[in-house]
Amino acid sequence: MSYIKEQDLEIYQAIQGEEKRQREGLELIPSENYVSRAVLEANGSVFTNKYSEGYPGRRYYGGQEYTDIIEQVAIDRACQLFGARFANVQPLSGAPANLALYAALLEPGDTVLGMDLSHGGHLTHGHPVTFPAKIFNFVRYGMKNIETGEIDYEALREVALREQPKIILAGFSAYSRELDYKKFVDIAREVGAITVADVAHIAGLIAGKALRNPFDDGFDIMTTTTHKTLRGPRGGMILVREDEELFKKINKAVFPGLQGGPHMNHIAAKAVAFGEALDPSFQKYAAQVIKNAAAMADVFHHEGIRMIGGGTSNHLILADVYGSLGITGKEAQTLLDEVGITLNMNSIPDDERKPLDPSGIRFGTPAITTRGFTEKECARVAELMIALLRNKDNAELKESITEEVRNLATTFPVPERFI
Ligand code: DSN
């Protein structure tokens, strides 16, 4: 950091501040994590200087002897991690990966069947405010029972039979239960649709063999980010189980269809992170993420706080704090921020409140598990959260919670290496 410090104090100080915030607070945003120093080094490497349009062995610029090495290593490791035959590691993030997917497989006006955003789906699965929603026809499925999280597979089948989608999307950003991938595949086969799992949130849990791999049930494609449970740099990726023709279309859609030069520094960092995820220790991490989330959910359940889906089977929890405690998601987010616990406000299904001041909070365990938290500490954090939300005007309690949060953070420092 000595160069930034000398040259640009303002940015140096902001980086230092962010590092301190990450070190001293407890990160519960379920889509965030801490990367290793090795990943940070690769991300900050000289590959940032390089243009590499094309793919390994087929580039449009010279000087590619090292870019080809890192991209091929990233591809091979990604395929090994997820049991895929093909991988494109160039998408800049999850949203561009999904855009490339649509560009590769759809004509304007074609239909995609995806999970309703208000039931846990993602903006890029066709929310009306997004650009793809102007081009393609998105139709929806949701939960049959919000209290158990069970997906309405009968309705999903009916919509599929009626709308004849080209793609059936499984995947979410605020859903806490496992999907029955086999049911998606059976329905897709009936209507001749391509099955795509957007595993952005749970990629690390799949790679770590703690959650079921959609490819094992016959899914055709997975899209993902690389920076959430997978614990890599910010970025995206598209995996194809088997079909080379699908993969060729995806490659063309990513480049030259939508992107120019790939961000080779990010690809180097992806390769390093995938190497870490292939280490046996990563399976322990993935299993612990889920155990820790379950421990937090147990406390919420015991304290009578409503959780959408009734609890969790993955890394995240969506709690209805407005319904259970009379405090809005926004108020809860702010209060928790003030004691050093970061999470995000989130709409709940059929929320009567607006997205910028919703009824819920969404939180999870990927980052605190990276710090070494086990069920015991996670249960304690859940207790502290609830105590604070129940006693928001008690300044003394707030102070003691702030201190306990800081002590937990000091006892479990952010690690620098994972293998
Ligand atoms: N922003 C990501 C999340 O928090 O889930 C999804 O895009």
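The values are calculated or read from the model by the stated rules, or taken from the named source; none is laboratory data. All of these numbers come straight from a predicted model, not from anything done at the bench. Positions of Cβ are generated from backbone atoms using ideal geometry, with glycine treated the same way; all protein chains shown enter the neighbour counts.
Check whether at least one residue in segment 151-171 is touching a Gly at 6+ places or on another chain (Cβ under 6 Å), modelled with pLDDT of 95 or more, assigned to a helix (DSSP H, G or I) and surrounded by fewer than 24 Cβ atoms within 10 Å (Cβ to Cβ), and report yes or no. No, segment 151-171 has no match at all.
Does segment 183-201 include one or more residues that are away from the ligand (no atom under 16 Å from the Cβ), among the hydroxyl-bearing types (Ser, Thr, Tyr) and assigned to a helix (DSSP H, G or I)? No, the conditions are met nowhere in segment 183-201. Listed by position, the strands (runs of 3 or more DSSP E) enclosed by segment 220-320 include none that has at least 2 residues that are touching a Phe, Trp or Tyr at 6+ places or on another chain (Cβ under 9 Å) and surrounded by fewer than 24 Cβ atoms within 10 Å (Cβ to Cβ). Considering only residues of segment 202-223 that are among the β-branched types (Val, Ile, Thr) and closer than 24 Å to residue 29 by Cβ, which is farthest from the ligand (Cβ to nearest atom)? So, considering only residues that are among the β-branched types (Val, Ile, Thr) and closer than 24 Å to residue 29 by Cβ, the one farthest from the ligand (Cβ to nearest atom) is 206.
Any residue in segment 57-65 that is among the charged types (D, E, K, R), surrounded by fewer than 13 Cβ atoms within 10 Å (Cβ to Cβ) and either within 16 Å of the ligand (Cβ to nearest atom) or under 30 Å from residue 242 (Cα atoms) (or both)? Checking segment 57-65: at least one residue is among the charged types (D, E, K, R), surrounded by fewer than 13 Cβ atoms within 10 Å (Cβ to Cβ) and either within 16 Å of the ligand (Cβ to nearest atom) or under 30 Å from residue 242 (Cα atoms) (or both). Checked across segment 371-378, the condition of being within 23 Å of the chain's Cα centre (by Cα), within 16 Å of the ligand (Cβ to nearest atom), on the phi < 0 side of the Ramachandran plot and surrounded by fewer than 21 Cβ atoms within 10 Å (Cβ to Cβ) holds for no residue. Among the residues of segment 23-37, the one identified as more than 16 Å from the ligand (Cβ to nearest atom) and in contact with a Phe, Trp or Tyr (Cβ under 8 Å, 6 or more places away or on another chain) is 36. Of the residues making up segment 105-113, none is closer than 22 Å to residue 208 by Cβ and crowded, with 24+ Cβ neighbours inside 10 Å. Among residues of segment 68-100 being surrounded by 22 or more Cβ atoms within 10 Å (Cβ to Cβ) and among the β-branched types (Val, Ile, Thr), the one that is farthest from the ligand (Cβ to nearest atom) is 70.
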